[in-house]
Amino acid sequence: MVLKINHQSAIPLHAQVEEQLREMISLPEYNDGKFFPNEVEIAKKLGISRNTVRHALNKLVYEGLLVRKKGVGTKVANKTVTTRLDSWHSFTQEMNEKGIPFKNYEIDVEWVEADSLIAKFFSIAEKKLVLKMERLRGLEKGPIVYFTSYFHPRVGLTGKEDFSQPLYKILEENYSTIPVVSKEEINARVADERLSKKLNIKKGDPVLVRKRFVFDPGGRPVEYNIGYYKADSFTYSIEIQRGKE
């Protein structure tokens, strides 16, 4: 690939460099492990400063698209799922927006008695029947996340829905339930025997646990969701603006 930018363009130089690098990321040769040209090489070829190149590289590293090791070089990162704190989507939406094909490896649905934790979250009696859904999802190379969801009986789900379809689309179109707020907790743990088998990892390997508490426009609980992610396949991206003093 020939690197070139338009010095007469109104588009900032770092943005032009970033676009060039994004094209390089998609090339098979770089996905096979070849190192990117270094900052000096890129700067010389484009006739710009190293700081401009570094600006573009830093953004792509921040997004999880590139991995850079000091004294070694820059490579394309292994594909991971990246989500941001300034908005939230279902797993299906996240994958579709990024153009990443995914698979449902398992979908299991059953009615279970609410334990004390679920009952408290939904403000219902313990042992009241709630719908529980388990989904093992991932990429072509294998599963990367195991979800367990519980739904408030008020929603009206029967358990016979086609849960291979986007969940929140089902809730909105079929049950007039619109999820608008997600409160989340994230922590780490090691995989037990069950998770190791589900995610095809070793017992004791790190797993990222993401709890999602979903509410409707009236602040009523809709879904209690726990996702167990392979630690090397998920990145949580946070962007925070400094407040005015």
Task: Those residues of region 220-234 which are farther than 13 Å from residue 147 by Cα and either among the basic types (Lys, Arg) or without any contact (Cβ under 8 Å) to a residue 40 or more places away in the chain (or both), in sequence order - done: 220
TODO: Tell me which of these residue 2 doesn't satisfy, since it passes every other one: (1) in the same structural domain as residue 60 (by TED's automatic domain parsing); (2) of a type in the set (A, V, I, L, M, F, W, C); (3) free of Cβ contacts under 8 Å to residues at least 40 places away in the same chain.
DONE: (1)
Task: Residue in region 201-219 that is closer than 18 Å to residue 102 by Cα, surrounded by fewer than 18 Cβ atoms within 10 Å (Cβ to Cβ) and either in contact (Cβ under 8 Å) with a residue 24 or more places away in the chain or not charged (D, E, K, R) (or both) present - done: no
Open item on the list: Among the listed residues 117, 85, identify the single one that is at pLDDT below 90, exposed (fewer than 13 other Cβ atoms within 10 Å of the Cβ) and either in contact with a Lys or Arg (Cβ under 6 Å, 6 or more places away or on another chain) or more than 30 Å from residue 34 (Cβ to Cβ) (or both).
Closed with: 85
Open item on the list: For region 171-192, check the following and say yes or no: at least one residue is buried (at least 18 other Cβ atoms within 10 Å of the Cβ) and over 24 Å from residue 123 (Cβ atoms).
Closed with: yes
Task: Filter result (surrounded by 14 or more Cβ atoms within 10 Å (Cβ to Cβ) and assigned to a helix (DSSP H, G or I)) within region 120-153 - done: 121, 122, 153
Task: Top-ranked residue of region 156-167 - restricted to ones that are touching a strand residue (DSSP E or B) at 6+ places or on another chain (Cβ under 7 Å) and surrounded by fewer than 20 Cβ atoms within 10 Å (Cβ to Cβ), ranked as nearest to residue 112 (Cα to Cα) - done: 159
Open item on the list: Could you go through region 47-54 and let me know if any residue there is in contact with a helix residue (DSSP H, G or I) (Cβ under 7 Å, 6 or more places away or on another chain), at pLDDT below 85 and farther than 19 Å from residue 208 by Cβ.
Closed with: no
Open item on the list: Given the options 40, 109, name the one that is assigned to a strand (DSSP E or B), in contact with a Lys or Arg (Cβ under 8 Å, 6 or more places away or on another chain) and modelled with pLDDT of 80 or more.
Closed with: 109
TODO: Output the qualifying pairs, or none if there are none: Cβ atoms under 8 angstrom, residues six or more apart or on different chains, first residue in region 23-34 and surrounded by fewer than 12 Cβ atoms within 10 Å (Cβ to Cβ), second residue assigned to a helix (DSSP H, G or I) and not hydroxyl-bearing (Ser, Thr, Tyr).
DONE: none
Task: Residues that are of a type in the set (A, V, I, L, M) and closer than 22 Å to residue 183 by Cβ, drawn from region 115-129 - done: 117, 118, 119, 124
- [ ] Please go through region 196-215 and pick out each residue that is within 13 Å of residue 229 (Cβ to Cβ), in contact with a helix residue (DSSP H, G or I) (Cβ under 9 Å, 6 or more places away or on another chain) and among the charged types (D, E, K, R).
- [x] 205
Open item on the list: Condition (residue is modelled with pLDDT under 90, of a type in the set (S, T, N, Q) and in the same structural domain as residue 105 (by TED's automatic domain parsing)) applied to region 149-161: is it met by at least one residue?
Closed with: no
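The values are calculated or read from the model by the stated rules, or taken from the named source; none is laboratory data. What you see is a predicted model, and the numbers here were worked out from it, not measured in a lab. Note that each Cβ is placed from the backbone with ideal geometry, even for glycine, and that neighbours are counted across all protein chains shown.
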